[in-house]
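Read the figures in this text as sums done on the coordinates, not as results from a lab. Note that this is a predicted model, so its numbers are computed, not measured. FYI the Cβ positions are ideal-geometry reconstructions off the backbone, even for glycines, and counts take in every protein chain you see.
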Amino acid sequence: MPQYKAPLRDMRFLLNEVFDYSAHYAQQPNAEDATPDMVDAILEGAATFCEEVLAPLNLSGDQEGCTFNNGEVTTPKGFKEAYAEYVAGGWQGISHPKQYGGQELPMSLNLLKSEMMGTANWSFTMYPGLSLGCMNTIFQFGTEAQKNTYMPPLVSGEWTGTMCLTEPQCGTDLGQVKTKAEPQPDGTYKITGTKIFISAGEHDMSANIIHIVLARLPDAPKGTRGISLFIVPKFMVNADGSVGARNPVVCGAIEHKMGIRASATAVLNFDGATGFMIAEPNKGLEAMFTFMNTARIGTAVQGLAHAELSYQGSLPYAKERRSMRALSGKKDADHTADALIWHADVRRMLLTQRAVAEGARAMIYNAAKLADNMVAGVAEGNKAKYEEYDDRLGFFTPILKGFITEMGLECANLGMQVFGGHGYIKEHGMEQIARDARISTLYEGTTGIQALDLLGRKVLLQTRGKCIKEFTNEMIAQAKPHLLDGGPIGMMARACFKRAVQWKAMTLRIMLRAAKDRDVVSAACYDYLMYSGFVMMGHFWLKQAIVANEKLAKGGKDSAEFYKAKIQTAEFYFERLLPRADGHKKTMMAPTSSIMQMNNDHFNFS
Ligand SMILES: Cc1cc2nc3c(=O)[nH]c(=O)nc-3n(C[C@H](O)[C@H](O)[C@H](O)COP(=O)(O)OP(=O)(O)OC[C@H]3O[C@@H](n4cnc5c(N)ncnc54)[C@H](O)[C@@H]3O)c2cc1C
């Protein structure tokens, strides 16, 4: 079973040496508490909690799963106690306003915490994770009274929250939502309908659950323009803030799932439950999507988490397990066979996991800085600032969510592969990582939907290629000073320069083709997303390698071995993973006819 150890060394390298987070925090409003000492204390504290409390519950939580009995859900042994410890530690509100009992530290710190928690135990992390979406929505759109009622217990973690979008007939296409909201004389609404797949929809860890629900008013226009947003508490809240009568929103069942089995995924039946409107009528979807970028980046973290955990699980095994002799000659002469790690094919699998985990971490830490600025815009009431950073984040989001989760899943499979047949056996915990990772490419927008969002919306419709131009210019600016360097840095810089020019040109070609053939966008979007992910990760690997190279030359905080291994992992990425972008480039440029020409009735013959 993988023994999770928070990768603090790599986290600190990115925070302090690559992205200079202390300078970033110094420019943030209200971030005076985010001093280097405080940041370090948070990293250390979260690491201890994750290693000692959450990680030991990961395997047992999967084995036991959640149980459903007559509307009630019991989480696996130890979860309730771990959640109580999480609440007592003040972890839930670290990035929420002091006014509501939080610590008001930058949002990026919350993301670092989530990375550690999610890697230690993704199922557990779902419970506080969904609350974040609920809190963000109430904070942004709630009335003062709603904020005063719901924010303090959500920020402390005493209550948890959910996001109720999906219904049996629709998950992606929320224009089909049917749940009804009937206005009542007292200004409340009666909510009636069924929501499915609601994470943390019912459980035994908190005193109340606050559901954020999409529903339709009686006279609402059809489609996405007729959806409103409601707060529906599991228990009504008394005037003094205490928990009152049960609201008729009842858990009808929980799903039996492939993975994240300790996370309760509930069917919720709203049977005339009392709801309170939040945001403007018929503008609910817009409101719910306000923090969509940050929620999706939160899910991108799952790809990083599973790549990291699977690497941590498979590395010690590859060092201990022995099989045959290395092709270049005996390595462990005093044993009957050499350790797996001597075999090039096993090293390929290990290095892929490492390169993806560390490349993804750099991509996410870069986006986290943008998220801080976006949240600062909200806190300052500066709409222009919020929109600027939300737009910038909007370009990274589908790439991070789509590409990193796809690669995290691949890494989880590679981790199992390193174990051979033992990877398929439950007790080692490796097959669990693969099962847990599988959901990450499905929820919070499938990979296909992220890909359509990137190519169709962000690149073609919203910016007409400007977002690609801006990012590739950044790539060129970073690579240019190193083009003539010898050694690995020069090789990586030239590769980044070439890909930046190629990405721009390719985008233009796709735009021209899409103008003539509408199916081009859907047919090419997956390959465009994966191409973009491989190239963007290359940019962030070059960034890390440049810093490591400078530190090697001038001396840095870490040992020379750390920096050397960084550069070697970067070399592996450029030689063994980045070339996969070529396959995606070729595929996306193929005509749509081979995808579209077959008659639907000819997909099978019985
Ligand atoms: C464990 C789990 C937890 C979840 N948690 C929550 C939660 O907390 N709250 C919540 O509201 N929901 C939740 N969901 C629901 C989840 O977000 C949806 O399942 C997901 O968005 C996909 O929707 P769907 O299942 O209806 O698939 P569909 O929308 O039916 O999609 C099916 C397939 O068609 C593709 N597709 C759909 N439309 C298009 C298109 N226009 N072009 C190209 N391809 C398309 C999709 O990419 C996908 O491959 C959860 C689901 C699971 C399994």
Full-stretch length increase - residue 599, residue 239 - with 0.36 nm per residue and alpha-carbon distance subtracted: 123.4 nm
Gained length - residue 51 relative to residue 427, 0.36 nm times residue gap less alpha-carbon distance: 133.5 nm
Cα centroid separation, segment 214-278 to segment 297-319 (Å): 34 Å
Of the trypsin sites (Lys or Arg not before Pro) in segment 160-217, those whose Cβ has at most 15 other Cβ within 10 Å and which sit in DSSP loop: 178
Rh (Kirkwood; distinct C-alpha pairs) - segment 305-362, Å: 12.0 Å
Residue order, fewest to most beta carbons within 10 Å, for 342, 91, 122: 91, 342, 122
Fully extended contour minus Cα-Cα distance, from residue 336 to residue 385, at 0.36 nm per residue: 11.2 nm
GluC sites (Glu not before Pro) restricted to DSSP loop in segment 300-407 with at most 13 other C-beta within 10 Å: 380
Column: log10 I(q)/I(0), Debye, Cα scatterers of segment 8-131, q = 0.11, 0.22 Å⁻¹: -0.43, -1.29
Euclidean distance between Cα centres, segment 487-530 to segment 554-606, Å: 12 Å
Loop chymotrypsin sites (Phe, Trp or Tyr not before Pro), segment 241-301 (other Cβ atoms within 10 Å of the site Cβ: 14 or fewer; DSSP): 289
Residues 260, 198, 433 arranged by fewest to most Cβ contacts within 10 Å: 198, 260, 433
Among 61, 38, 109 - extreme Cα towards positive end, dipole of segment 14-147, charges at beta-carbon: 61
Charge-dipole axis of the chain as Lys and Arg at +1 and Asp and Glu at -1 on Cβ define it, positive-most pick from 359, 6, 433: 359
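Would you mind ranking 257, 113 so that the residue whose beta carbon has the fewest other beta carbons within 10 Å leads the list?
In order of increasing Cβ crowding within 10 Å: 257, 113.
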Nitroxide proxy distance, nm - points 7 Å out along Cα→Cβ at residue 20 and residue 586: 4.2 nm
Estimated dipole of the chain in Debye, rounded to 20 [Cβ of Lys and Arg +1, of Asp and Glu -1, Cα centre]: 2120 debye
Rg/Rh (Cα only; Kirkwood hydrodynamic radius) as it applies to the chain: 0.97
